[in-house]
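Below: one structure, written as structure tokens.
The values are calculated or read from the model by the stated rules, or taken from the named source; none is laboratory data. Note that the structure is predicted; figures quoted are calculated from it, not measured. Protein only, heavy atoms only, side chains kept; ligands, DNA and RNA dropped before computing areas. Shrake-Rupley method; radii C 1.70, N 1.55, O 1.52, S 1.80 Å.
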Amino acid sequence: MELPDVPDGTDYKFRGISFSSWPTSSDCSVFAIRNYGIDEVFISFIKRGDETWTCGILDNVYLPPGKKDIAYEPTLNCPIFSRGAFYCLNLSGALGVFKFEENGIAWDILSMVPRSTCGFINKSYLVELEGKLLSVLLGHFGKWVRIFRLDMSEMVWVEVENLGQHALFISNTSCIATVAPTSQMENKIYFPRLHNEGILF
């Protein structure tokens, strides 16, 4: 799938970019997001068959429970396409949701965040596991790692204590959840870093 250049005057400083389906699918769309100024995000998308990107600047201010309005800043992570929408995580665990509608597009920010996060979140990642969205949150210098699953029925984050036979492979450019190929790799999160001569997990 060969994509045209983004419009003149638009740079490529996206914090996340993702496909809705395989590039060979007739209904494939590509979605990209980055922060824009203080109170806005810049969104670009293109559907298979379109000759140009569609770009827009959208409001990113939301109200977390019990707090004043704050700006949503997308984390450096690929959005996840699930249930007809692109989900983008920000640093505190709030989700931005972008979807196509009959009369255009919709952009919403779900203000719920994980209830207890052990303090300052240094990095956050979004990954899909068996159709469910997981947020992986890291403390300062990796001092702690917490995983939360999005309960779609209640729209709340629920902490995950065990990944079972699955393993997560997490980075800024790609997050993958899979059945671990060996029992030694089960219930582990792997990061693109080395410690001495071993992979950090």
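Going down the list Lys47/Lys123; Lys132/Lys188; Lys99/Lys143; Lys47/Lys188; Lys99/Lys188, which pairs span over 28 Å between their C-alpha atoms?
Lys47/Lys123; Lys99/Lys143; Lys47/Lys188; Lys99/Lys188
Just to make sure I understand: if all protein chains stay in place, what is the order of Arg34, Arg15 by accessible area at 1.4 Å, largest first?
Final ranking, largest accessible area leading: Arg15, Arg34.
Note the direction-averaged projected area, equal to a quarter of the hull surface, for the Cα convex hull of the chain, in nm².
13.4
Would you mind checking the radius of gyration and Dmax of segment 151-201 based on alpha-carbon positions, in Å?
Gyration radius and largest Cα-Cα distance of segment 151-201: 13.2, 44 Å.
Just for the chain, what percent of DSSP beta bridges are antiparallel, to the closest 5?
95
Considering only protein heavy atoms, what is the solvent-accessible area of Met1 at a probe of 1.4 Å, reported in Å² to the nearest 10?
Near enough 90 Å² of accessible area.
Relative contact order, percent, of the chain when contacts are C-alpha pairs under 8 Å separated by at least 6 residues?
Once divided by the residue count of the chain, the mean separation gives 12 percent.
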